[in-house]
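Written out below as structure tokens is the structure these notes cover.
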Amino acid sequence: MFESEFLTSTEHSKDAYRRIIARAAEVVYESFPDQPYSGKSPAALAEAVSTDFLPNREGSWEQITETLRTVVSDSVVVSNACTAAHLHCPPLLAALAAEVVISALNQSMDSFDQAPIATVVEQKMLRGLCTEAGLPAAAAGTFTTGGSQSNYMGLLLARDAFLQRHWNWSAQTSGLPPEARQMSILCSDAAHFTVEKSASQLGLGTDAVVRIDVDPHFRLKPSSLRSKIEALKTQGFLPMAVVATAGTTDFGSIDPLPEIAALAHEANAWLHVDAAYGGALLFSPQHRSRLGGIENADSVAIDFHKLFWQPISCSAFLVRDARHFDAIKLYADYLNPEFHEGEGIPNLVTTSLLTSRRFDALKLWISFQALGREKLAAMIDRTIMLANHAAAVIRASRDLELVCEPQLSTVVFRYIPSRPESNTDRINTEIRQNLFHRGAAVIGHTRVRGRQCLKLTCMNPGTTEADMEKLVELIRSQGRVCDELKANP
Ligand SMILES: *Cc1c(COP(=O)(O)O)cnc(C)c1O
């Protein structure tokens with residue numbers, strides 16, 4: 001017989017469960033490193049976890065605790081003020097508590113009989129999000145694993161709607177027609193790489209993606225979009241979708257949504273707004289107006305595991321007209337038989353790419369309850385202020401060059417070595433690498449117009465102005481060290 005304490009079954013598993021959770025929380029806090037990262041290399045990490053991964057016999061709690069300690073102490077500390085590389089947030093405690101409940105209940109969102117109240121909660125949360133984005137009553141959505149999956153879904157529904165409208169063609173039953181080679185997707189030079197990834201997975205190929213020029217703030221230039229659409233048409237191509245970005249990953253730039261919406265509409269193309277990052281501004285009264293025009297989107301991606309401090313994953317895909325989900329709907333006798341629809345039973349498998357799926361809506365709901373919109377807005381606004389502060393410090397430093405004014409909570413810049421013969425690209429690459437290997441800071445990097453740059457992504461509203469200044473100072477001193485090493489190897 002199995003001992004019941006292995007499963008969440010009866011009253012007497014409650015104490016075991018409580019102990020396990022409390023222990024796990026203790027291990028996390030006890031072993032949290034002081035620095036952002038231990039700095040270990042892949043080889044050193046492989047050495048640190050060289051025990052048997054699939055043991056025959058159970059281990060003691062001491063051994064398990066030791067394993068957890070190892071994992072915690074060699075993880076990147078997302079809450080450290082010197083961790084500022086990616087859109088990678090420290091999670092809210094309220095969301096962590098909700099995660100415990102989500103996992104304990106283990107509802108699965110694919111069918112109503114596996115997730116009754118969870119289905120209703122998710123639908124209500126999605127309705128609220130659609131309203132917040134200004135989408136009409138016919139809109140709907142689904143929770144996804146992230147912006148990548150949401151962008152894929154937007155382009156999938158766009159593709160299927162386009163095929164249906166142009167050639168009365170069902171991709172679901174017939175795959176792609178030969179004419180699919182003519183279909184184009186337009187997005188800016190600063191749009192996320194998952195536009196190409198989606199195009200390749202959708203059978204259109206990365207060649208279907210046409211990149212449009214950006215202005216000096218890395219926002220799509222509507223005049224270039226207009227001329228590109230015209231040029232494509234004269235070459236026999238068909239603009240299927242335009243992807244506007246509300247918060248590019250590197251710069252936080254928000255494309256001019258109203259102008260793009262008008263051009264997409266005129267071209268009869270689907271408008272997908274990738275608001276994976278900037279979608280958070282829906283909840284900031286101070287910055288909400290910058291998303292004006294999002295209400296014209298055919299579909300929208302918003303991540304909550306970025307500027308909403310949710311543990312990964314928590315993300316939503318919204319579509320203007322729920323009927324577009326019909327393009328991907330299939331029935332399975334064991335799960336969502338067609339007759340359930342007649343009976344009004346919602347089986348959310350029909351609106352998702354996934355089958356088994358987590359109840360991520362709960363942690364978002366609980367987070368809103370725990371903090372309220374006002375506190376969440378203050379946190380969002382604070383990260384934007386921190387980026388502006390970092391930019392001001394960078395602008396005032398002679399050995400640093402600001403590449404673009406912050407548009408959201410990222411700052412892109414370069415270290416400029418004092419010796420004119422130094423290789424600036426190489427030194428900027430080395431600054432980031434050395435800080436990471438020393439475990440002193442985890443900062444970002446990117447290439448801008450062919451030049452190697454550094455990037456700070458401010459995701460922690462608890463970071464102070466002084467912390468930001470120290471981080472910039474750390475980067476400058478690492479820059480001088482890298483430059484010296486090159487001068488006197
Ligand atoms: C982060 C991001 C994505 C990808 O989202 P994931 O949640 O990592 O899958 C897509 N687009 C933009 C603009 C992003 O910033």
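Values in this text are rule-based calculations from the coordinates and carry no lab data. All of these numbers come straight from a predicted model, not from anything done at the bench. Counting neighbours? That spans all protein chains shown, and the Cβs are built from the backbone with ideal geometry, glycine included.
Which residues among the stretch 427-458 fall inside the zone where the amide N is under 15 Å from a point 7 Å beyond the Cα of Ser38, along Cα→Cβ?
Correct set: 437-440.
Of Lys221/Lys455; Lys363/Lys470; Lys375/Lys455; Lys40/Lys375, which pairs sit farther than 32 Å apart, going by alpha carbon to alpha carbon? Don't skip to the end; give the middle numbers.
Details: Lys221/Lys455 23 Å; Lys363/Lys470 34 Å; Lys375/Lys455 27 Å; Lys40/Lys375 37 Å.
Correct reply: Lys363/Lys470; Lys40/Lys375.
Applying 1/(1 + (r/R0)^6) with R0 = 22 Å to the Cβ-Cβ distance of Ile345 and Arg323, what FRET efficiency is obtained, to the nearest 0.05? Kindly include the intermediate steps, with their values, before the conclusion.
Numbers: r = 19 Å, r/R0 = 0.85.
It comes to 0.75.
Which length gain, in nm to one decimal place, applies between Ala48 and Leu354 when the Cα-Cα distance is subtracted from 0.36 nm times their residue separation? Don't skip to the end; give the middle numbers.
Details: separation 306, 0.36 × 306 = 110.16 nm, distance 3.46 nm.
Here the segment from Ala48 to Leu354 would lengthen by 106.7 nm.
Among the aspartates and glutamates, which have Cα under 17 Å from the Cα of Lys306 when same-chain residues fewer than 8 positions away are ignored?
Here the aspartates and glutamates satisfying the reach criterion relative to Lys306 are Glu99, Asp250, Asp274, Asp360, Asp381.
Return the calculated 222 nm mean residue ellipticity for the chain, to the nearest 500 deg cm²/dmol, obtained by summing -39500 (n - 2.57) across DSSP H runs with n ≥ 4 and dividing by the residue count. Display every interim value, and only then the final one.
Numbers: 14 runs with 201 residues, N = 489.
Using -39500 (n - 2.57) per qualifying helix, the result is -13500 deg cm²/dmol.
Which order do Tyr331, Tyr415, Tyr152 fall in if you start with the one that has the fewest other Cβ atoms within 10 Å?
Numbers: Tyr331 14, Tyr415 26, Tyr152 22.
Ranking Tyr331, Tyr415, Tyr152 by Cβ neighbours within 10 Å, fewest first, gives Tyr331, Tyr152, Tyr415.
Fully extended, how many nm does the chain gain between Arg127 and Ile21 (0.36 nm per residue separation, minus their Cα-Cα distance)?
Values: separation 106, 0.36 × 106 = 38.16 nm, distance 3.31 nm.
That works out to 34.9 nm of additional length.
Would you grab the residues whose amide H sits under 5 Å from the one on Cys89? Only those 5+ places off in sequence or on another chain, please, with H modelled 1.01 Å from N.
Amide H to amide H, under 5 Å and 5 or more residues apart or across chains, Cys89 pairs with nothing.
Quick one: order Thr446, Thr383, Thr131 by neighbouring beta-carbon count within 10 Å, fewest to most. Walk me through the numbers before you get to the answer.
Details: Thr446 15, Thr383 22, Thr131 12.
The order, fewest Cβ neighbours first, is Thr131, Thr446, Thr383.
Can you pull out the GluC sites (Glu not before Pro) in the stretch 324-389 that DSSP calls coil and that have at most 16 other Cβ atoms within 10 Å?
On the way: sites: Glu338, Glu341, Glu343, Glu374; in loops: Glu338, Glu343.
Those that pass, being in a loop and sparsely packed, are Glu338, Glu343.
Would you grab the residues whose amide H sits under 5 Å from the one on Val209? Only those 5+ places off in sequence or on another chain, please, with H modelled 1.01 Å from N.
Ile185
Rounded, prolate or oblate: which one fits the chain, using the alpha carbon gyration tensor with axes a ≥ b ≥ c (rounded when a/c is under 1.5, else prolate when a/b beats b/c, else oblate)?
Oblate.
Let me know the shape class of the stretch 1-140, please: from the alpha-carbon gyration tensor, a ≥ b ≥ c as square roots of the eigenvalues, rounded when a/c is under 1.5, otherwise prolate if a/b is greater than b/c, or oblate. Provide the component values of the computation, followed by the final result.
Working: a/c = 2.43, a/b = 1.29, b/c = 1.88.
It comes out oblate by the Cα gyration axes.
Tell me whether the stretch 108-358 comes out rounded, prolate or oblate; compute the Cα gyration tensor, take square roots of the eigenvalues as a ≥ b ≥ c, and use a/c under 1.5 as the rounded threshold. If you can, show how the numbers build up before the last one.
Working: a/c = 2.02, a/b = 1.25, b/c = 1.61.
Note, shape of the stretch 108-358 comes out oblate.
Run the reach check for Lys228 against aspartates and glutamates, Cα to Cα strictly under 19 Å, same-chain hits fewer than 8 apart removed. What comes back?
Asp189, Glu196, Asp207, Asp213, Asp215, Asp255, Glu259, Glu266
Which ordering of Val49, Val121, Val393 is given by a fewest-first count of other beta-carbon atoms within 10 Å?
On the way: Val49 11, Val121 17, Val393 20.
Fewest-to-most Cβ neighbours within 10 Å comes out as Val49, Val121, Val393.
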